[in-house]
Amino acid sequence: MLVMNSGSMPLLCPFFSKCDGVLLISAADGSKEFHPRDRSGAMSMCDLILELRPAQMICGFIPEPEKQRLRAAGIDVRLGSCSCPVEELVTSFSTLPVA
C-alpha cells in the first residue's frame, strides 16, 4: 500500500510518486513493515515496489506506465479511497476497483 506516513497512523496516498513509502502488510499475520521512498531519486517508486515483490498493491492513483510494469510483474493493483482507514482497505481488497 502506498502511504503518507506523517501522522500518527498511515493513510493511503493520492499521489503515486510523492508518497512517503510502501506499507507492506502480511496476509498471514497482519504484521506491518514500512519501506520509505528513496528521496534521492536513485530509485523510483515503481522500482521500490518491484524490489519488495508484493502480490497485491493498493494505491490512490497510478500512472499508466507504472501500472503496466507492476501488472507485468504479476502484482494485482487496486485503487482505494484515501479517506478510508488502511485496515478497511486491506480487508476489502477484493472489492476495490482494478487499476
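None of the figures in this text is laboratory data; all of them are computed from the coordinates on show. Every value quoted in this text rests on a predicted model; they were computed, and no experiment measured them. Every residue, glycine among them, receives a Cβ derived from its backbone with ideal geometry; neighbour counts consider all protein chains shown.
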Let me have the 222 nm mean residue ellipticity of the chain computed from DSSP H runs of 4+ only, each contributing -39500 (n - 2.57), with the sum over all residues rounded to the nearest 500. -6000 deg cm²/dmol
Any cysteines in the chain with zero other Cys Cβ atoms under 4.7 Å from their Cβ? List them, or say none. Cys46, Cys59, Cys82, Cys84
Taking a crude spin-label model, label points 7 Å out from Cα along the C-beta direction, the Cys82 to Thr95 distance in nm is 2.3 nm
For log10 I(q)/I(0) by the Debye sum over Cα atoms at q = 0.15, 0.23, 0.25 Å⁻¹ the list reads (1) -0.66, -1.02, -1.10; (2) -0.52, -1.36, -1.64; (3) -0.51, -1.15, -1.31; the calculated value is entry (2)
Length released on extending from Asn5 to Glu64, taking residue separation times 0.36 nm less the Cα-Cα span: 18.8 nm
